[in-house]
Amino acid sequence: MDQLKALKYFVKVVETGSFSKAAKLFCVPPSSLSRRVADLEKSLGATLLTRSTRVLKLTEIGAEYYQQVSKILAQLEDCNESVLGYQSEPMGKLHISSMVGFGERILLPLLDEFSTLYPKIVLDIDLSDELSVLSRDDADLAIRGGIAPNERVIAIRLMDNKFIAAASPDYLQRMGTPTKAQQLAEHKGLYFRTPTGPTPWLCEIEGKWHDLSAPQAAISNNGPWLLEKALQGQGIVMLPRWALQPYLQRQELQELHITPALTISANAELAIYLLYQKQRYHIPKIKVMVDFLLARIRDKQ
């Protein structure tokens, strides 16, 4: 039995949920693929899949085996790609997952230049504010804000991600300009919703952290919509400085200087990080993108 091929068949059957769909991907008859998986089960002395005319399910031991085998196959593919691609021309599909706001304002405007430099790389860009796990989401690179993740990946600090409070001149004329954190209770807040909930407005008073968020006027995970609300004078918004900077420069919004200083987290290491798996840096398409982003984005600061 070709165990490696059997393992690939088994993993693809689980991922597609069908022997016939997996067989099409490998261009083999479903019966041949089914025999390979059956031979694998026989060699292990365990049932990995329960089959019926309508349902295909992993057994308990099958689920555990799938988790282990899929990681091994992914590592093997990375190793093969690293060797084959060593000192070769960067090419192939490059999947990048990025936060929406950062992607739209900073990442995407840079990619035309990158594509000119590396025309054989096909860019596959996914903009999402959902929490990302590289091994799960099949992304070569991920760009996320927050603190450096605990997962086993390389996390390079791209730029600061400090949140600041701002409001339109019209709003401040009507509602007054708050200078003390305690005054925020008399104002209206426009809140960005992260995967863990709306960002709070925190400040440190006498060594203790307090949530002094203003009453909520609107909540969304769509930054442009919140910005439009702020421009219309509907409340105070807290977003990263890089997102607010064009509006501050045009004086459409005014930065608020509040004491004690507001933040969205007690952790001082908030930043935007470029994430990738350590062993994949030597793949040419990934290496050139990492180096390109570090050079271009750090130059902008």
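The values are calculated or read from the model by the stated rules, or taken from the named source; none is laboratory data. Nothing here was measured: the structure is a model prediction, and the numbers come from that model. Note that each Cβ is placed from the backbone with ideal geometry, even for glycine, and that neighbours are counted across all protein chains shown.
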**Report entry** Flag for His210 being in a strand (DSSP E or B) and either modelled with pLDDT under 90 or not hydroxyl-bearing (Ser, Thr, Tyr) (or both)
**Finding:** yes
Query - Candidate set: region 230-257, residues that are farther than 19 Å from Glu104 by Cα and of a type in the set (D, E, K, R); chosen: the one surrounded by the fewest Cβ atoms within 10 Å (Cβ to Cβ) - result: Arg250
Report summary line: Being closer than 28 Å to Leu293 by Cα and either assigned by TED's automatic domain parsing to the domain that holds Val100 or not hydroxyl-bearing (Ser, Thr, Tyr) (or both) narrows Arg157, Arg174 down to just Arg157
**Report entry** Test for Gly17: is it assigned by TED's automatic domain parsing to the domain that holds Ala74, out of contact with any helix residue (DSSP H, G or I) (no Cβ under 9 Å at 6 or more places or on another chain) and at pLDDT 90 or above
**Finding:** no
Report summary line: Over region 149-165, the set of residues more than 24 Å from Gln245 (Cβ to Cβ) and outside any strand (DSSP E or B) is Pro149, Asn150, Glu151, Arg152, Val153
Requested in this report: Using the structure shown, decide if Leu275 is in contact with an Asp or Glu (Cβ under 9 Å, 6 or more places away or on another chain), over 24 Å from Leu158 (Cβ atoms) and touching a residue at least 24 places away in the same chain (Cβ under 8 Å).
Outcome: no
Report summary line: Pairing a residue in region 279-301 that is surrounded by 15 or more Cβ atoms within 10 Å (Cβ to Cβ) and hydrophobic (A, V, I, L, M, F, W, C) with any residue that is at pLDDT below 80 and assigned to a helix (DSSP H, G or I), where Cβ atoms lie under 7 Å and the two sit 6 or more apart in sequence or on different chains, gives Ile283/Glu81; Ile283/Ser82; Ile283/Gly85; Ile286/Arg280
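From the set of residues in region 90-110 that are more than 16 Å from the chain's Cα centre (by Cα) and surrounded by 13 or more Cβ atoms within 10 Å (Cβ to Cβ), which is modelled with the highest pLDDT? Don't jump to the end; show me each part of the working.
First, the residues of region 90-110 that are more than 16 Å from the chain's Cα centre (by Cα): 90-93, 109-110.
Right, trim to surrounded by 13 or more Cβ atoms within 10 Å (Cβ to Cβ) and you get 90-92, 110.
Numbers: Pro90: 89, Met91: 87, Gly92: 87, Leu110: 94.
Step by step, filter region 90-110, then rank; the result is Leu110.
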Query raised in the report: Quick one: in region 111-155, which of the residues that are modelled with pLDDT of 85 or more and polar (S, T, N, Q) is surrounded by the fewest Cβ atoms within 10 Å (Cβ to Cβ)?
Result: Thr116
Query raised in the report: Which pairs have Cβ atoms under 9 Å, sit 6 or more apart or on different chains, and link a residue in region 174-193 that is farther than 17 Å from Leu244 by Cβ to one that is assigned to a loop (DSSP other than H, G, I, E, B) and among the aromatic types (Phe, Trp, Tyr)?
Result: Ala181/Trp201; Leu184/Trp201
Requested in this report: For region 166-198, enumerate the residues that are surrounded by fewer than 21 Cβ atoms within 10 Å (Cβ to Cβ), among the small types (Gly, Ala, Ser) and part of a strand (DSSP E or B).
Outcome: Gly197
